[in-house]
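The values are calculated or read from the model by the stated rules, or taken from the named source; none is laboratory data. Since this is a predicted model, take the numbers as computed values, not measurements. These accessible areas exclude ligands, DNA and RNA; they are computed on the full protein's heavy atoms, side chains included. Shrake-Rupley method; radii C 1.70, N 1.55, O 1.52, S 1.80 Å.
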Amino acid sequence: MSLRSLVSKLLLLLSGIFAFAVSPAFAQTTAPAPAAPDLENMLVLDLSTGGRVTIQMYPAVAPAHVERIKTLTRQGFYNGVIFHRVIDGFMAQTGDPKGTGQGGSELPDLKAEFNRIPHLRGTVSMARTNDPDTANSQFFICFQPRFSLDNKYTVFGRVTSGMQFVDAIERGEPPLNPSKVLQASIAADNVPPPAFAPSPAEAPITVDQLNAG
């Protein structure tokens, strides 16, 4: 066989391999399908700050805490509850029907499920007293990372959308005009959002303001 014939056959073989590799059938078998969101373990908070916040919960690392949040949410426990402790640059805490930080649900307190998930911006973690096994219904959402809380509080989820509505929560301990959870639901239940109050329109700039010295 001549060298030219051998080269021609080699080029033909390589072109066939390339055509197979870029074919749609080959692409479909190699591209991984995107993971579907876990709607049964997604908490939805409709806030008075003007929008919907979604939180993906982590039953693999905090099963009892996730189950507690789901149980209370489906009971309507969080509907209308205020954010009673909100520290700028730290976190916003809610889940107390009394609005004082001293209340909880009628269910028993939970055993701690501390895990290795860090407290990052948007992390959602359970509040408790100095006793590790006192988490009940209150939880907080971090505005900024706070690694000093890691392995001391049970992280059970993280905000996946709507963090701007968390950022808009009124600050204070307690806030003068507290923001609230208008409605809480589990995404799998497909509860429609409430009618959010429109954001106040900015006042138009007048000629006098432009001319002011």
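Residue 100: accessible area at probe 1.4 Å, nearest 10 Å²?
80
Take the solvent-accessible surface of the protein heavy atoms, probe 1.4 Å, and return the percent of it on the range 95-139 that carbon and sulfur atoms account for.
Working: 1160 of 2370 Å².
Answer for the range 95-139: carbon and sulfur cover 49 percent of the accessible area.
Considering amide H positions built from the backbone, and no H for Pro or chain starts, which residues 5 or more places from residue 49, or on another chain, come under 5 Å of its amide H?
Here the answer is 180, since their amide H atoms fall under 5 Å of that of residue 49.
Tell me the accessible surface of residue 141 in square angstrom (1.4 angstrom probe, heavy atoms of protein chains only), to the nearest ten.
Only protein atoms counted, so the area is about 0 Å².
How do 67, 173, 40, 113 stack up against each other in accessible area, from largest to smallest, with a 1.4 angstrom probe?
Largest accessible area first, the residues go 173, 67, 40, 113.
Which whole-Hz ³J(HN,Hα) couplings does the range 184-194 yield from phi under the Karplus relation 6.51 cos²θ - 1.76 cosθ + 1.60, θ = phi - 60°, glycine and proline marked x?
10, 8, 9, 4, 4, 7, 6, 7, x, x, x
If I take the Cα coordinates of the range 83-129 and project them onto the principal axes, what are the three extents in Å, biggest first?
Rounded to whole Å, the extents work out to 29, 27, 15 Å.
Please list, in chain and number order, the residues 5+ apart from residue 150 or on another chain whose amide H is under 5 Å from its amide H, with Hs placed from the backbone.
Amide H neighbours of residue 150, under 5 Å, 5+ apart: 119.
Taking θ as phi - 60°, what are the ³J(HN,Hα) couplings along the range 85-99 by the Karplus curve (6.51, -1.76, 1.60), each to the nearest whole Hz, with x for Gly and Pro?
Per residue, the Karplus-derived 3J(HN,Hα) values read 9, 9, 10, 4, x, 10, 6, 10, 10, 8, x, 10, x, 7, x Hz.
Each residue of the range 137-144 in turn: what ³J(HN,Hα) in whole Hz from Karplus with 6.51, -1.76, 1.60 and θ = phi - 60°, glycine and Pro shown as x?
9, 7, 9, 9, 10, 6, 6, 9
Roughly how much of residue 77 is accessible, in Å² to the nearest 10, using a 1.4 Å probe?
40
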